[in-house]
1. Between Asn111 and Glu72, what FRET efficiency follows from the Cβ-Cβ distance if R0 is 35 Å, with the result rounded to 0.05?
2. Arrange the peptides 144-156, 30-42 so that the one whose residues have, on average, the most other Cβ atoms within 10 Å appears first.
3. Going by average Cβ density within 10 Å per residue, which order do the peptides 158-167, 171-180 take, highest to lowest?
4. Say a paramagnetic label sat at a point 7 Å from the Cα of Ala123, along Cα to Cβ; which residues of region 137-180 have their backbone N under 11 Å from it?
5. Using a Förster radius of 25 Å, what is the FRET efficiency between Arg101 and Arg36 based on their Cβ-Cβ separation? Nearest 0.05, please.
6. Find, among the trypsin sites (Lys or Arg not before Pro) in region 47-116, those assigned to loop by DSSP (not H, G, I, E, B) with at most 16 other beta-carbon atoms within 10 angstrom.
7. For labels at Ala21 and Ser146 in the simple 7 Å Cα→Cβ model, what's the distance in nm?
Amino acid sequence: MSDLLHSWLSADRLPCPLDPALHDWLYLDKGSLTRRLTDLAAGAFSVTPLHEAWEPLRNDECAELGVAPGCEGWVREVYLCGDGQPWVFARSVAARPALERAGMDLQSLGNRSLGELLFSDPAFARGPLQACHYPAAWLPRECRQSGLWARRSRFSQDQLGVLVAEVFLPALWRAASIEP
């Protein structure tokens, strides 16, 4: 695969067409991934928090949020699970200054889905979906492997941007009967 696939790309910039089922999960479905996973798991959906902290954001996240490199932000990493198995690794970030101005408390989400919060608040507008092969080094050790597809989008409310990246793990593709 091309090195280009390690960069976040819109659907029209992919170097080769994707399998239609994979394209649907990455780009076409603009609704809540939480709802889609809940449906696929026949209701057996859960969120497992892994890491939440104030820390410097990665350069690609700062660029997408329009903040200075190294800006501190709230970082939340979770597994979205179906039938008790991690199906998706999700990383959500927001720059500290904008988050504090907005008065949004992401620290109290616990095992609730951020996606449900964002989709239930009409003040948030979702930006375009981008996809890439997520760098293995950015994944938790227990699911670290190369070539996993991920998508991300920015949710905006006034000056607040919340960047949500979702990495699709092999167990999801098995559950959905898709060959990535």
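Every read-out reported here was derived from the displayed coordinates using simple, explicitly stated rules and does not represent laboratory data. Computed from a prediction, not measured in an experiment: that's the story for all the values here. Virtual Cβ from ideal backbone geometry, glycine too; neighbours counted across all protein chains shown.
1. Working: r = 25 Å, r/R0 = 0.70.
With R0 = 35 Å, the Cβ-Cβ based efficiency is 0.90.
2. Working: 144-156: 17.7, 30-42: 15.8.
Peptide ranking by packing, descending: 144-156, 30-42.
3. Working: 158-167: 21.1, 171-180: 15.0.
Listed from highest to lowest mean packing, they are 158-167, 171-180.
4. Zone members listed by number: 157-160.
5. 0.20
6. Details: sites: Arg58, Arg76, Arg91, Arg101, Arg112; in loops: Arg58, Arg112.
Sites meeting the loop and neighbour criteria: Arg112.
7. Label at Ala21, label at Ser146, 2.5 nm between them.
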